[in-house]
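Report on the following structure.
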């Protein structure tokens, strides 16, 4: 194990101990506890910062070293290139170290992880592996935490897809994203997962028959599903430093600021009645610097 990894894990253990004390002493009726994956990225950092400003407890998780500890009450280091099972075990271990056997410890799980890569001729299989590891695997792993640690009262699970690859069927107006097959496959996997996972909850817009069918499934026995909202957010282009560097001639007025997304998620956490139905895919559309969140599917 590298010295940097040891240092990260040491810091994580100290932060977990600190949050353990804070968690059980936090008496604010409005304070919630959120887990943010991809916490050190531009999007995850903005979400964590906003939630902290709203007086919520925030647990970060990422494969990269923590950069701004003021955004987090605790941090769970993850290993890069991990499988779904490895990520699940790492997250479960981190949460268990923090809360012990206490269930209903999390009010929200936000999967702000992600990455982008262009397909490479002769190396496409590796790019597909990387995109799934960055975009899809963490979402599945994070969902596994819900059955043990998600609140049974208005839990929230948010994952991020991509509007650019959500509809590639030319017959209905979509455009094929040439050179982005790996990225598109990973993000569309997230879209499908959100819709599938969302259909299992009691907050879906599905028919009574669909809900009754899921009641006989083994997964439906978990009570956290009764009031869980599973929502996918599909930005067009995020206004981040890295995107500005790579697309310097872009129309920034149509790019979505991470802070706008963070504010929307903060509203969903604070006011559950304002959340979309579970299983919804919400497209973040920015025009002239103003962002709206519209039902895509």
- line: Residue span residue 263 to residue 30: 0.36 nm per residue of separation minus Cα-Cα distance leaves a gain in nm of 82.3 nm
message: For a protection proxy built on the mean count of beta-carbon atoms within 10 angstrom, sort 264-270, 106-112 highest first, please.
response: 106-112, 264-270
- request: Only residues of segment 39-60 count here: report those whose backbone N is under 15 Å from the spot 7 Å along Cα→Cβ of residue 69, or say none.
  value: 60
- line: In this structure, the FRET efficiency calculated for residue 153 and residue 93 from their beta-carbon separation, with R0 = 30 Å, to the nearest 0.05, is 0.75
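To make sure I understand, if each residue's beta carbon is the centre and we count other beta carbons within 10 Å, what order do 128, 50, 30 fall in, fewest to most?
Details: 128 17, 50 22, 30 9.
Arranged by neighbour count, lowest to highest, 128, 50, 30 become 30, 128, 50.
Given 0.36 nm per residue, what is the gain on full extension from residue 297 to residue 242 after removing their alpha carbon distance, in nm?
On the way: separation 55, 0.36 × 55 = 19.80 nm, distance 2.88 nm.
Extra length from residue 297 to residue 242 when fully extended: 16.9 nm.
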task: For a footprinting-style exposure proxy, rank 152, 275 by other Cβ within 10 Å, fewest first.
output: 152, 275
message: How would 187, 283 line up from fewest to most surrounding beta-carbon atoms within 10 angstrom?
response: 283, 187
task: In whole angstrom, note down how far apart the Cα centers of segment 267-297 and segment 64-108 are.
output: 26 Å
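No value in this document is a laboratory result; all are computed from the given coordinates. Small disclaimer: the values here were computed from a predicted structure and weren't measured. Neighbour counts run over all protein chains shown; Cβ positions are idealised from the backbone, glycine included.
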